[in-house]
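For reference, the structure is listed below as structure tokens.
The values are calculated or read from the model by the stated rules, or taken from the named source; none is laboratory data. Bear in mind that the values here come from a model prediction, so they are computed numbers and not experimental data. Quick reminder, even Gly has a Cβ in these numbers, built from the backbone with ideal geometry, and neighbours come from all protein chains shown. Remember, those area values only see protein heavy atoms, side chains included, never the ligands or the DNA or RNA. Shrake-Rupley method; radii C 1.70, N 1.55, O 1.52, S 1.80 Å.
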Amino acid sequence: MLKINVTQQMDFQQLNSEIRESPEKHIKIINAIGQRYIGSGLAGRRIEIEGTPGNALGAYLDGSIISVRGNVQDATGDTMNGGEIIVHGNAGDATGYAMRGGAIYIRGNTGYRAGIHMKAYKLQQPAVIVGGIAGSFLGEYLAGGTIIVLGLNPPVTINGKITRGAPMERPVTGNFVGTGMHGGAIYIRTNEKPDLPRQIKVSMEKCRDIPQIRAYITKFCEYFDDVNKDEIFESMFAVLTPDSNNPYKQLYTTN
């Protein structure tokens, strides 16, 4: 395993050059402090990060696995093709922008416009799983793939052990969920059916009865062992899908 101890003088180009040129498949980055594009376009690598990587972590990721013991900034997984990104903290805005494959697992919250322009093609099925809450414009223009928001209490560390913190006072999602979506599905853990535009179909189902998300939930609970899988499996979810009989395209075209 290659270990890279980041210094304040190390810019993103130097760090990414070391990662790409290393013959090691397993790389550990210590003290990341805002370096951008870590792991971008890489296949066949396992990258562990301690600290806070900069924007576009794992952009165009093509099969590598990146795990972060901390928070991540904006555009994590931008246009990624495959692999996994596991975040033990929170994520910024535009998480999973235009994803085409792979999965992003976030234990905490994510900001605005998570999962926008996500798309699927044949076996390429992208997924964003958010443990906490999401900001406004979640799944905007969604064309394919899966977005799951669990609304769990945020993680806190006590005596070196990660556990759940106090409940969030904000709603599970912000405004304009699924605006313009014409494919894929959004799953929100809630007991209340959300009031959404008529272009979005909403049904309420128990997690155990939704086979499309059980594997994602199981893996999420394996990555974040403070989460109770049985509790989530017994929870109700709002299932959001586009209404093909009343599509958003009617708002943008004229006859």
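Determine the pairs where a residue that is more than 12 Å from Tyr105 (Cβ to Cβ) and without any contact (Cβ under 8 Å) to a residue 24 or more places away in the chain, located within segment 208-224, has a partner that is in a helix (DSSP H, G or I) and hydrophobic (A, V, I, L, M, F, W, C) with Cβ atoms under 8 Å apart, the partner being 6 or more residues away or on another chain.
Partner pairs satisfying both residue conditions: Arg214/Cys207; Arg214/Phe233.
Here's a check for you: in segment 25-56, which residue that is in a strand (DSSP E or B), over 24 Å from Asp93 (Cβ atoms) and among the aliphatic types (A, V, I, L, M) is most open to solvent (accessible area, probe 1.4 Å)?
Checking each candidate, the answer is Ile30.
Listed residues Arg189, Arg198; which is in contact with a Gly (Cβ under 9 Å, 6 or more places away or on another chain), of a type outside the set (Gly, Ala, Ser) and open to solvent by 40 Å² or more (accessible area, probe 1.4 Å)?
Answer to the check: Arg189.
Ile104 is checked against (1) more than 25 Å from Arg170 (Cα to Cα); (2) assigned to a strand (DSSP E or B) and fails just one. What number does that condition carry?
Ile104 satisfies every listed condition except (1).
Applying the selection to segment 57-88, what residues are outside any strand (DSSP E or B), open to solvent by 10 Å² or more (accessible area, probe 1.4 Å) and either farther than 17 Å from Lys28 by Cα or touching a residue at least 40 places away in the same chain (Cβ under 8 Å) (or both)?
Selection gives Tyr60, Gln73, Asp74, Ala75, Asp78, Thr79, Asn81, His88.
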